[in-house]
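Participant: What follows is a single structure, and I will ask about it in a moment.
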Amino acid sequence: MKYDFSAVESKWQKKWDEAHIFEAQDNTDKPKFYGLVEFPYPSGVGMHVGHIKAYSGLEVICRKRRMQGYNVLFPIGFDAFGLPTENSAIKTGIHPRQLTDRNIARFTDQLRRVGFSFDWTRTIDTTQEDYYKWTQYIFLKMFEKGLAFRDTALVNYCPHCKVVLSNEDSQGGKCDICHSEIIQKSKDVWYLRITEYADKLLEGLEHVDYLPNIKQQQVNWIGKSRGAFVNFGLTGTDEKLRIYTTRPDTLFGVTFMVIAPEHPLIAKMADRIGNMEEIQAYQTACTKKTEFERTQLVKDKTGVRIQGICGINPVSGKEIPLYIADYVMMGYGTGAIMAVPAHDERDYAFAKKFGIDIIPVIKGGDIDKEAYTGEGEMINSGFLNGLTNKADSIAKMIEYLTEHGLGEGGVQYKMKDWAFNRQRYWGEPIPIVHCPTCGMVPVPYDQLPLRLPPVTEFEPGQGGESPLARVESFVNCTCPRCGGKARRETDTMPQWAGSSWYFLRYIDPHNSHAIADMDKMRYWLPVDWYNGGMEHVTRHMIYSRFWHRFLYDIGEVPTPEPYAKRTAQGLILGPDGEKMSKSRGNVVDPNDVVREMGADVLRVYILFMGDYGAAAPWSENSMRGCKRFLERVADLPGKVSDTESPVLESALHKVIKKVSSDIEEMKFNTAIAAMMGLLNDIDDAGSLTREQLMTFVRLLCPFAPHLCEEIWEQEGGQGFCSLAPWPEFDEAKTVDETVEIAVQINGKVRGKVTLPQNADKDTALTAVRADPKLAAQLEGKTVVKEIVIPNKIINIVVR
RNA sequence: GCCGGUGUGGCGGAAUUGGCAGACGCCCGGGACUUAAAAUCCCGUGAUACGAGAGUAUCGUACCGGUUCAAGCCCGGUCACCGGCACCA
């Protein structure tokens, strides 16, 4: 049969659509399965084969679940606010609304052509008013609870995009969008107090099934450490200098202190500092350095001694010099440290450079050469002397500090609060009014959504303010509280806002009274399986878990965690083995593949490439192998006969078993390999029965649904193959009556024997001796040991 | 530096978790069909040595060592590459 994939594929896409077979049911007693994939950003360049891979995994799983009788929710939508569209609007003068609609239409068309079984009735677009109304609603709830607040602080700022970035958006000191160097700038910005949820986010990980590396990355990102806050005295004042340390046990070894260049102590003590000019010069030098430069010079410590003020060690009473240095960051702990050069590498480097004393307090190592960071017996440490266990020393010191009011135990997180505003047009307006008398007043809930006003110029202003600031009719308003003249907030929310709760909206996408109906959420939540990219593990995943947990705490959602299970797909690399990118010219367009090879080939190939979680290079040749496979499948109806081969029947049941379990483990490559193998078995057998064909077609259906529907229909299958019951295997048929077992002599394979299933040791050894070749090998040797592992191996040790 | 991961034929990758290494696919070689080519089908295909030959032997999962009747898998050490974080006190 000449298989016309393009006609068959559009035929079945149309039929599925008309029969509404992939739409989730809301009121049923069926067990549910909520499969979620990361919704795409509808960029102007269209889809990438990487998108297809990201969706294909759960596509197969969801299709299998439907065949297993589940009520499946497998939705898709578009995360459409954000800079790329806005930048394109600036360039072309076309309104982002139009660009977004155009891009979404294009993405939708591409996704449909691949035959994904999404529920298209629940599609969402984060830039629609009835969607971002609820994004604003959640923001206001956070504002009410004090979790959204304004503060003046040093922020990551991209001079090229003219925008404030969160920590998560400026990883590696580069702007996530344009990759320019980001700089530190003092600005009045909005924050979401995600740090308040650090412990809950950490604790929640214990109750979810994420891949171990995903969990680990989140744990590292949150970066919880335990230690102590210690208040050091300062000479000539009652003022205390508070520091954070994870090593309070080394307090007796403190020989100097360091504060960050931005530390407020400098300004406060300016009149007592003897070398203010020198210090100010140092501060200026530091602000000129980018974050990147500051972290690059790891080994080369710089700093300036603060003249006129010394620290006082609270346990020994010793006076110690105080420095300002940029190896201490204002953003972590208290921005001030106690330095123990004997037992900390950075302090050691600094002490060596500035000629500061190094006093060991832990025995071990050679402090003439390097800092000793290991454990050992405490020395030179007053009441800690003689202790050998680090945890004991820490506990005893914290107890001492607490008793004497010198400090206390505490924890710190690397994660920082989420800088939440952007000086841009294409985002959700922050629904806050600035009133000269009432201060910051939330827009009342019944006035949501606060709509984006129409504008024609999308460039940020000269001072880096949002384009919204130029729209007088938007900015000028009355205070909802006092009715007086007020000004609206003109900043918008960051890209990550809309995606922080989208999985809730799929449950009830048209609800105009709530985020989603509570009963529906009780049925559908949590998301059973969420798949996406590793690049979102420390951003979107943390943000959305934070929002969800917050919504749970205020009773708006029924579960503390949004996602029960999370997996990640690996990248598709270009044919050259490099990451696909426009500049390298190695990008593969899924459209081309669908046109030339068909959607089924694309789907099967992407899953056959290799381990789903690993990166793999694209190979046109390898894909042709998949095309051959499907063409041979298309020829199967011609091989149907009534004669049944028991060998084939057994092979079929083994494959049902393997494909069923491989899909659950996302081992799609071996599932497909098993089906290819079965096809070879069919050729060996010469024919297969109609029933066997129908079973095979159902197994392959989640991978290559168009072809399978076509065969299913041709061969008189009932209804849609996509909804036919998932094949069951007969365990008895997967087990062969006899097994061929390798026989080793001294660990080397010397022959094979065929034995009944689970044959005992005697039977096995008798068979070995009955084999002339093996018997000859054993001739004249002394048998030392005979190892028989039923159905696996026989090993005879001889001398 | 820290955390995580990977290392297997010419290539993508398998290996029931300690039991015949290289499934499946690609590439390549040979053959069939064809005027010819493409497509398709069949056979072969880790390396080396011996053999005319079916075959036989040795070596082989980054490297060194160990445990075990048996190691790609476990343990100790080394190297390389990839991803994330990075002066986090």
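Participant: For region A:120-172, what is the convex hull volume of the alpha-carbon atoms per residue, in Å³?
Facilitator: Measuring per residue, one finds 155 Å³ for the Cα hull of region A:120-172.
Participant: What FRET efficiency do you get for A:GLU370 and A:GLU206 if R0 is 41 Å and r is their Cβ-Cβ distance, rounded to the nearest 0.05?
Facilitator: 0.60
Participant: Of the listed pairs A:LYS30/A:LYS64; A:LYS64/A:LYS654; A:LYS748/A:LYS792; A:LYS369/A:LYS396; A:LYS748/A:LYS785; A:LYS185/A:LYS416, which have alpha-carbon separations greater than 20 Å here?
Facilitator: Distance filter (> 20 Å) returns A:LYS369/A:LYS396.
Participant: Here is a follow-up. So which trypsin sites (Lys or Arg not before Pro) in region A:701-798 are both in a DSSP loop and have at most 14 other Cβ atoms within 10 Å of their Cβ?
Facilitator: Within region A:701-798, the qualifying trypsin sites (Lys or Arg not before Pro) (loop, at most 14 other Cβ atoms within 10 Å) are A:LYS781, A:LYS792.
Participant: What does the helix-only formula give at 222 nm for chain A: each DSSP H stretch with n ≥ 4 adding -39500 (n - 2.57), the total divided by the residues, and the result rounded to the nearest 500 deg cm²/dmol?
Facilitator: Here the helix-only value at 222 nm equals -10500 deg cm²/dmol.
Participant: Just to be sure I understand: of the beta bridges DSSP finds with both ends in chain A, what percent are antiparallel, rounded to 5?
Facilitator: Percentage antiparallel, nearest 5: 75.
Participant: Using only alpha carbons, build the gyration tensor for region A:640-683 and give me the equivalent ellipsoid semi-axes, biggest first, whole Å.
Facilitator: 22, 10, 6
Participant: Give me the Å³ per residue figure for the convex hull around the C-alpha atoms of chain A.
Facilitator: Enclosed volume per residue, from the Cα hull, is 236 Å³.
Participant: So what are the ³J(HN,Hα) numbers for region A:401-418, from phi and the Karplus equation (6.51, -1.76, 1.60; θ = phi - 60°), rounded to whole Hz, Gly and Pro as x?
Facilitator: Result, ordered by residue: 4, 5, 4, 9, x, 9, x, 6, x, x, 10, 9, 10, 6, 4, 10, 4, 8 Hz.
Participant: How long are the three semi-axes of the equivalent ellipsoid for region A:1-154, computed from the Cα gyration tensor as the root of 5 times each eigenvalue, in whole Å, largest first?
Facilitator: One finds semi-axes of 33, 23, 13 Å for region A:1-154.
Participant: Please state, as a whole number in µm²/s, the translational diffusion coefficient that the Stokes-Einstein equation yields for region A:387-427 at 37 °C and 0.692 mPa s, with Rh defined as the Kirkwood radius across alpha carbon pairs.
Facilitator: Once the numbers are plugged in, D ends up at 235 µm²/s.
Participant: Normalized C-alpha radius of gyration of region A:404-493, against 2.2 N^0.38 Å?
Facilitator: 1.47
Participant: Evaluate the Debye formula for region A:13-53 with equal point scatterers sitting on the alpha carbons, no solvent, and hand back log10 of I(q)/I(0) at q = 0.15, 0.24, 0.28, 0.35 Å⁻¹, in q order, two decimals.
Facilitator: Ignoring solvent entirely, the Cα scatterers give -0.66, -0.97, -0.99, -1.12.
Participant: First select every other residue whose beta carbon is under 10 angstrom from the beta carbon of A:ASP417; then total the charges, Lys and Arg +1, Asp and Glu -1.
Facilitator: Net charge around A:ASP417: 0.
Participant: Divide, for region A:542-603, the radius of gyration over alpha carbons by 2.2 N^0.38 Å, where N is the residue count.
Facilitator: The reported ratio for this selection is 1.86.
Participant: Taking amide H atoms as placed 1.01 Å from N in the peptide plane, list the residues 5 or more away in sequence, or in a different chain, whose amide H sits under 5 Å from that of A:ILE745.
Facilitator: Those qualifying (amide H under 5 Å, at least 5 residues apart or on another chain) are A:ARG750, A:ILE796.
Participant: Specify the angular offset, from 0 to 90 degrees and rounded to the nearest 10, of the alpha carbon long axis of helix A:129-144 from the longest principal axis of the alpha carbons in chain A.
Facilitator: In chain A, helix A:129-144 runs at an angle near 40 degrees to the longest axis.
Participant: Any idea what angle helix A:540-553 forms with the longest principal axis of chain A, computed on alpha-carbon atoms, 0 to 90 degrees, nearest 10?
Facilitator: Its long axis makes an angle of about 80 degrees.
Participant: Mind checking the angle between helix A:49-67 and chain A's longest principal axis? C-alpha axes, 0 to 90 degrees, to the nearest 10.
Facilitator: Rounded to the nearest ten degrees, it is 60.
Participant: Once the principal axes of the Cα atoms of region A:139-245 are found, what is the range along each, listed largest first in whole angstroms?
Facilitator: Cα spread of region A:139-245 along its principal axes, largest to smallest: 52, 41, 33 Å.
Participant: Name the shape class, rounded, prolate or oblate, that the alpha-carbon gyration tensor gives for region A:714-773, where a ≥ b ≥ c are the square roots of its eigenvalues, rounded holds for a/c under 1.5, and otherwise prolate holds if a/b is larger than b/c and oblate otherwise.
Facilitator: Verdict is prolate for region A:714-773.
Participant: Over all directions, the average projected area of the alpha-carbon convex hull for region A:230-360 comes to how many nm²?
Facilitator: 7.3 nm²
Participant: Provide the gained length on full extension for the span A:ALA285 to A:THR754, in nm with one decimal, where the gain is 0.36 nm per separating residue minus the Cα-Cα distance.
Facilitator: 160.8 nm
Participant: Roughly speaking, what % of Cα-Cα pairs in region A:450-587 are separated by over 20 Å, rounded to a whole number?
Facilitator: I get 66 percent for the Cα pairs in region A:450-587 exceeding 20 Å.
Participant: Moving on to the next point. Just for region A:675-799, what percent of DSSP beta bridges are antiparallel, to the closest 5?
Facilitator: 80 percent
Participant: If you put +1 on each Lys and Arg Cβ and -1 on each Asp and Glu Cβ, how big is the dipole of region A:82-188 around its Cα centre, in Debye rounded to 20?
Facilitator: With Lys and Arg at +1 and Asp and Glu at -1, about 180 debye.
Participant: Counting other Cβ atoms within 10 Å of each Cβ, which GluC sites (Glu not before Pro) in region A:413-486 have at most 13 and sit in a DSSP loop?
Facilitator: Within region A:413-486, the qualifying GluC sites (Glu not before Pro) (loop, at most 13 other Cβ atoms within 10 Å) are A:GLU457.
Participant: Among A:GLY236, A:SER660, A:GLN68, which residue has its Cα furthest toward the positive end of the charge dipole of chain A, with +1 on Lys/Arg Cβ and -1 on Asp/Glu Cβ?
Facilitator: Towards the positive end, the residue furthest out is A:GLY236.
Participant: Ok, one more. Just the accessible area per residue of chain A, please: how many Å² with a 1.4 Å probe?
Facilitator: I get 43 Å² per residue for chain A.
Participant: Past the 32 Å Cα-Cα mark, which pairs from A:LYS268/A:LYS353; A:LYS14/A:LYS215; A:LYS32/A:LYS657?
Facilitator: With Cα atoms farther than 32 Å apart: A:LYS14/A:LYS215.
Participant: Another question, then. Along its three principal axes, how long is region A:379-535 when you only count alpha carbons? Whole Å, largest extent first please.
Facilitator: That works out to 73, 46, 33 Å along the principal axes.
Participant: Using label points projected 7 Å from each Cα along Cα→Cβ, tell me how many nm separate A:ALA776 and A:GLU664, to one decimal.
Facilitator: Taking the simple label geometry, A:ALA776 and A:GLU664 are separated by 4.8 nm.
Participant: Taking every alpha carbon pair in region A:177-230, what does the distance histogram look like in 10 angstrom bins from 0, in percent?
Facilitator: 16, 32, 34, 17, 0
Participant: How big, on average over all directions, is the shadow cast by the Cα convex hull of region A:672-799, in nm²?
Facilitator: Averaged projected hull area, Cα only: 10.3 nm².
Participant: What are the principal axis extents of the Cα atoms in region A:588-709, in Å, biggest first?
Facilitator: Cα extents, longest axis first: 45, 29, 22 Å.
Participant: By the scheme Lys and Arg +1, Asp and Glu -1, what is the net charge of all other residues having a beta-carbon under 12 Å from that of A:CYS479?
Facilitator: +4
Participant: Roughly to the nearest percent, how much of the accessible area of region A:539-687 is carbon and sulfur, given a 1.4 Å probe?
Facilitator: 49 percent
Participant: Give, rounded to the nearest 20 debye, the magnitude of the charge dipole that chain A has about its Cα centre when Lys and Arg contribute +1 at Cβ and Asp and Glu contribute -1 at Cβ.
Facilitator: Approximately 1040 debye in magnitude.
The values are calculated or read from the model by the stated rules, or taken from the named source; none is laboratory data. Keep in mind the model is a prediction, meaning the values are calculated, not measured. Neighbour counts run over all protein chains shown; Cβ positions are idealised from the backbone, glycine included. Just the protein is used for accessible areas: all its heavy atoms, side chains included, with ligands, DNA and RNA removed. Shrake-Rupley method; radii C 1.70, N 1.55, O 1.52, S 1.80 Å.
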